[in-house]
């Protein structure tokens, strides 16, 4: 009962602020205040306005972390017509609570089932499609091309080539990998890739959906490979006290040569003084050639809340943001990849390589912490960090994750 | 028709109920605003939280504004019992309580040291008091850098002792160490003590200022008398000065216990409960499971809060009882 009371108070407070809503509005809550993403979004809004002069577009931009908290209130208390959010398991609580509307008709009417086919499974839950993505980016290994050239190394294609390359780096005093696991999720990136290469996309999904155990022989095999990577390649010391930005320092100084990361990190390398000639991108090497290549490609999307007041306008916006020309322009501004297969990409070399990589992928994982439910993701990532600090705890960590899994998915 | 009323009989109308009970009512009228806010922000949330700990709830309402919580009874508490993270947090809470108590004697000794008349003493006193004035968040940040094995004081000293400056493959300066620098905040064994040490810094300053004011009230004639009787050094301190500081000691213990139990800012800033949950305390664990990005378990978080509330209640009741006893004795 008191729960209702709280909603009511929140609702009163928020309606007071949003009192000026007019008939033909479109209220959009967006979640990125960083200059690039903000400009990409605002440019798109301007274009949308010029194409739909009769619609009064109201935009609320918040920063990412604040948005994550605010969305839990505004979906009930004062829903916008459109909100940005993430697909995969991150949308599950809202879908399950009935706070998002299915948008299958938008997909059908605009041919998105073909143009956005790669991401469709990720946007679906309970047999319905819940949103429209506007951008994603690739993960992989960013490496120091100058160090590779000095050591006469080629981009390793296979696991053995990678381990051999690591041996050569270590012999020359270079730590193969940098990473900063203070905020945990970076370790999940490494885990996801070893798992995707060892077992493939279906096992990734089954694991994050709670269908297979962490002590399953396939997952243990993933951890065995990871242990090999730690002992034969190795990560920088003190990674548990570094953020991902801190971990750029040894990479920029030439102490470490590779970094398993997402494409958003390129800005960081350039800010640390590296030029495009010094850094390059390669896909994570194959471990088992029989496993079809799948990649990490977290997407950002728009959703229509159930309580949206201008659903027609909202659907116009969804159709608009997935249009090839809009996705082309938007992603050029923010330096990411368009999802619409008909869109063009910028001539940035990382974007080009990422585009080629993701187009040849057979499955696109969102990321461990977006595919697994929150409680599982937290425990899992803590386990990954613990394992990285002390690989001998492997089985203890996996057994604990099994207990958590039982609890979370029951 | 009106009667002329005689001035003697019924001279004044019966005073109103309000007027008669003026003395009894006035305090309550003045208290009402505070009571209303205290109820809204403290008392009611306590009961809400207790109630919520019996539900499983991800913090969401459905589109009509109905809560999606489901009643689970005491299941959250049963889960707590089997949750290793909860026990780690509780153990850390106890470590905080015990080690934080060091702030009381240390504060006393600094206060005794500073309780002299030397030129510029006010300046030294304010310097010692300084850490209490800056925000806990800032203290946490500073100590976080201090402990950093790469660029912090710890790292720099270590490099000077155990490392050699060399150039790496690209010709950039780097360090090769005979043994790796200690990474205090990433070590599951040491991180909690590292944070407590950071927390002690402002807490000692707080106790010090309490004792400094207490020392102002120490009766000079008693000191004088004790000196004539031949007391000095430790005996003077223990039997003459410390008993007179009893009120200050009491307050210092109270604020230190409460400070230890609500240690949240430092942990949030320095480790976020990591590495892998080994520096969590109950207050941070409650935040983590309920409100943080990977939380969304409000019922479970409330049950952690309830346990913390129980522990606090134990101490606070004891302190209140002591204060009540003292007041009774004082009359």
Inset, instruction - Could you pull out the residue among B:331, B:297 that is modelled with pLDDT under 90 and either within 14 Å of chain A (Cβ to nearest Cβ) or within 16 Å of the chain's Cα centre (by Cα) (or both)? - result: B:297
Inset, instruction - State which residue is nearest to the other protein chains (Cβ to nearest Cβ) when the search covers only the range A:152-162 and only residues that are exposed (fewer than 15 other Cβ atoms within 10 Å of the Cβ) and outside any helix (DSSP H, G or I). - result: A:152
Inset, instruction - Quick one: residue A:307 ticks every box in (1) surrounded by fewer than 23 Cβ atoms within 10 Å (Cβ to Cβ); (2) within 14 Å of another protein chain (Cβ to nearest Cβ); (3) closer than 28 Å to residue A:388 by Cα except a single one, so which number is it? - result: (3)
Inset, instruction - List the helices (runs of 4 or more DSSP H) that sit entirely inside the range B:208-292 and contain at least 2 residues that are away from chain A (no Cβ under 14 Å) and farther than 30 Å from residue A:404 by Cβ. - result: B:220-228, B:246-261
Legend entry - Residue that is nearest to the other protein chains (Cβ to nearest Cβ) [pool: residues in the range A:63-85 that are assigned to a loop (DSSP other than H, G, I, E, B) and at pLDDT 90 or above]: A:79
Legend entry - Count of the range B:126-145 residues which are over 18 Å from residue B:103 (Cβ atoms) and in contact with a helix residue (DSSP H, G or I) (Cβ under 7 Å, 6 or more places away or on another chain): 3
Inset, instruction - Determine the pairs where a residue that is under 14 Å from residue A:190 (Cα atoms), located within the range A:215-226, has a partner that is assigned to a helix (DSSP H, G or I) with Cβ atoms under 6 Å apart, the partner being 6 or more residues away or on another chain. - result: A:222/A:194; A:222/A:195; A:222/A:198; A:223/A:394; A:225/A:194; A:225/A:198; A:226/A:194
Inset, instruction - Identify the single condition in (1) assigned to a helix (DSSP H, G or I); (2) crowded, with 22+ Cβ neighbours inside 10 Å that residue A:356 does not satisfy, given that it satisfies every other one. - result: (2)
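Conditions (1) away from chain A (no Cβ under 14 Å); (2) over 30 Å from residue A:99 (Cβ atoms); (3) touching a strand residue (DSSP E or B) at 6+ places or on another chain (Cβ under 6 Å); (4) surrounded by 17 or more Cβ atoms within 10 Å (Cβ to Cβ), marked per residue:
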| residue | (1), (2), (3), (4) |
| --- | --- |
| B:72 | no, no, yes, yes |
| B:79 | no, no, no, yes |
| B:93 | yes, yes, no, yes |
| B:120 | yes, yes, no, no |
| B:125 | yes, yes, no, yes |
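Okay, residues lined up against (1) in contact with a strand residue (DSSP E or B) (Cβ under 8 Å, 6 or more places away or on another chain); (2) more than 10 Å from chain B (Cβ to nearest Cβ); (3) surrounded by 23 or more Cβ atoms within 10 Å (Cβ to Cβ):
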site: A:327; (1), (2), (3): yes, yes, yes
site: A:342; (1), (2), (3): no, yes, no
site: A:345; (1), (2), (3): yes, yes, no
site: A:386; (1), (2), (3): no, no, yes
site: A:409; (1), (2), (3): no, yes, no
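The values are calculated or read from the model by the stated rules, or taken from the named source; none is laboratory data. Quick caveat, the model's predicted, so the values are computed rather than measured. Glycine gets a Cβ as well: all are built from the backbone with ideal geometry, and neighbour counts include every protein chain shown.
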